[in-house]
1. Search region 70-82 for residues being touching a strand residue (DSSP E or B) at 6+ places or on another chain (Cβ under 7 Å) and under 13 Å from PHE103 (Cα atoms), and hand back the single one that is surrounded by the most Cβ atoms within 10 Å (Cβ to Cβ).
2. I need the full set of residues from region 16-31 which are over 14 Å from ILE4 (Cα atoms) and of a type in the set (Gly, Ala, Ser), in order please.
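The values are calculated or read from the model by the stated rules, or taken from the named source; none is laboratory data. It should be emphasised that the depicted structure is a prediction, and the values quoted were computed from it without experimental measurement. Positions of Cβ are backbone-derived with ideal geometry, glycine not excepted, and every protein chain shown enters the neighbour counts.
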Amino acid sequence: MSTIDKQIICHDCGTVFTFTAGEQEQFASVGRFNAPKRCIPCRAKRKQTTSKNDSFPNVMPGNINYGSAPRKTYAAKCSTCGKDTQVPFEPHTDRPVYCYDCFRKVKQAVKS
């Protein structure tokens, strides 16, 4: 597939920039098939502001998930070893709850 350079107007600053054939191939190699909306300086500026998490107060530092709230966890006691643990779902009395280590053992036993 042959690609040619494209002239694109930046969504943020309105300048015209060139989306080269090499950049298009690089984008396609990592699974991006849409052309960028922003020029390189505006992309860098946007990346810098989103990595600081200023716009998204619910994001944990270093975890870029763009604004989704942190996962709620519930305190529970492991049904196997009795250790206190945290689980990402509300535990019910009719189903067993496992700590991380016991869950791995149960899962491994099911696979075998």
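1. Only one residue fits best here, namely CYS78.
2. SER29, GLY31
Conditions (1) of a type in the set (A, V, I, L, M); (2) in a loop (DSSP other than H, G, I, E, B); (3) modelled with pLDDT of 90 or more, marked per residue:
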{"position": "THR18", "(1), (2), (3)": "no, no, yes"}
{"position": "PHE33", "(1), (2), (3)": "no, yes, no"}
{"position": "LYS37", "(1), (2), (3)": "no, yes, yes"}
{"position": "ASP54", "(1), (2), (3)": "no, yes, no"}
{"position": "ARG71", "(1), (2), (3)": "no, yes, no"}
